[in-house]
Amino acid sequence: MNNNKKHVLFIGAGRMAQALIEGVNKKEFSILVGNNGNEKRLHDVREIYDVETTNHWQQEVSMMDIIILALPPESHDSILADLADLMNGQLVITVAAGIGPTYLESKLPKGTPVAWVMPNTAAKLGKSMTLYALGQNVKQEQQDWLEALINGIGEFEKVTEQQIHELTAVTGSAPAFIYRVAEALEKITLESGVSQEQARKLVANMIAGSAEMLKTNADPAELADEVATPGGSTAAGLEVLDTNHLDHLMIDAIEACRQKAMVQD
Ligand SMILES: NC(=O)c1ccc[n+]([C@@H]2O[C@H](COP(=O)([O-])OP(=O)(O)OC[C@H]3O[C@@H](n4cnc5c(N)ncnc54)[C@H](OP(=O)(O)O)[C@@H]3O)[C@@H](O)[C@H]2O)c1
């Protein structure tokens, strides 16, 4: 056994906790999972991920290095109140929408290291584009632990708390916009008489290939030009999108997400 293993307590055992747990390097971290009393869920988590679980996470806090809150935003207040009496320097990470480092710091003892991690649903495939922001008291070593933990669910980028508030609409919500585009393209693909399976393959791989092209750092406008010969068929399609102001539509959609998040936070 690696004695330098860091001890991580997950409070919450749902989808996001499980995506993170699956990606964690068990040689570096030992995992303990608690929840809100759903015994079946804890049993499943124990069996599937080969981790320890507890019905009394409060009793375990003092032995932990890291505490991950994988709970709904509205459950945070009561859990943070419980934690505030039990803390002795653990790094506290939340994955909840709207619960930034400033909020965590205001609820926990002075000097507590805190962080906010915002993954997206692709975390369950290890393909999340995750944002994270740190509070004021996080040491370099603790930041390294955090990055090692979220490395298992995909790519990540450190930004400010304010940037997470603003950019969750892009990394968290905009995947749904892409799925809407995929839905429309699948529908029109099916009209050519291919099977549902073929339509999915065509559309999914087209989007994945386009994403790979973007990841080469090529400029999206140049990539579009590369596909579209002037006066050709793709250019005719692009003209429809441009005339109908796809860019404005995207901006409005992102803005609507932000406005709604601001009301909810
Ligand atoms: N799912 C995503 O793709 C995604 C993406 C970004 C951020 N998030 C954020 O991640 C957080 C968790 O989301 P999720 O999708 O994993 O939710 P979920 O599948 O519904 O799981 C929620 C978990 O929280 C536990 N819980 C709720 N209240 C609790 C309490 N008072 N004490 C202890 N445990 C409590 C539940 O316990 P039981 O097992 O006992 O019911 C359950 O294990 C949310 O804040 C969400 O905004 C999720």
note = Once phi for every residue in the stretch 203-213 is put through the Karplus expression 6.51 cos²θ - 1.76 cosθ + 1.60 (θ = phi - 60°), the whole-Hz ³J(HN,Hα) values, with Gly and Pro written as x, are 6, 4, 6, 5, 5, 4, x, 4, 5, 4, 4
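Return the percentage of antiparallel bridges among DSSP beta bridges fully within the chain, rounded to the nearest 5 %.
Working: 4 of 28 bridges.
DSSP beta bridges in the chain are roughly 15 percent antiparallel.
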query = Points 7 angstrom from Cα along the Cβ direction at H245 and T229: gap in nanometres?
reply = 3.3 nm
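Pull out the extension gain between A253 and E222, defined as 0.36 nm times the separation in residues minus the alpha carbon to alpha carbon distance; nm, one decimal. If you can, show how the numbers build up before the last one.
Working: separation 31, 0.36 × 31 = 11.16 nm, distance 2.41 nm.
Contour length minus Cα-Cα distance gives 8.8 nm.
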Nearest-ten-degree value, helix 39-49 long axis tilted from longest Cα axis of the chain = 70 degrees
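Quick one: plug the Kirkwood hydrodynamic radius of the stretch 167-264 (C-alpha pairs) into Stokes-Einstein at 20 °C, 1.002 mPa s, and report D in µm²/s. Could you put the intermediate results ahead of the total?
Values: Rh = 15.5 Å.
Answer, rounded: 139 µm²/s.
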ask   = Setting aside same-chain residues fewer than 8 positions from K124, which aspartates and glutamates have a Cα under 14 Å from its Cα?
value = E22, E155
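Percent of alpha carbon pairs in the chain separated by more than 27 Å? Could you put the intermediate results ahead of the total?
On the way: 16362 of 34980 pairs.
So the portion of pairs separated by more than 27 Å is 47 percent.
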ask   = Separation of the stretch 195-265 and the stretch 30-65 by C-alpha centroid, Å?
value = 42 Å
ask   = Tell me, what HN-Hα J-couplings in whole Hz come from the Karplus equation 6.51 cos²θ - 1.76 cosθ + 1.60 at θ = phi - 60° for each residue of the stretch 129-141, using x for Gly and Pro?
value = 9, 9, 9, 9, 9, 9, x, 7, 10, 7, 7, 3, 4
task = Between N25 and Q58, with labels modelled 7 Å along Cα→Cβ, what's the label distance in nm to one decimal, could you check?
result = 3.6 nm
remark   = Rounded to one decimal in nm, the spacing of the 7 Å Cα→Cβ label points at A208 and T121 is 1.8 nm
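Could you pull out the pairs from K26/K158; K6/K27; K5/K139; K6/K26 whose alpha carbons sit more than 21 Å apart here? It would help to have the intermediate numbers written out before the result.
Values: K26/K158 24 Å; K6/K27 9 Å; K5/K139 17 Å; K6/K26 10 Å.
The pairs that break the limit, which is 21 Å between Cα atoms, are K26/K158.
Quick note: the coordinates plus some simple rules give every number you see, no bench work behind them. Model, not experiment: these values are computed from the prediction. Virtual Cβ from ideal backbone geometry, glycine too; neighbours counted across all protein chains shown.
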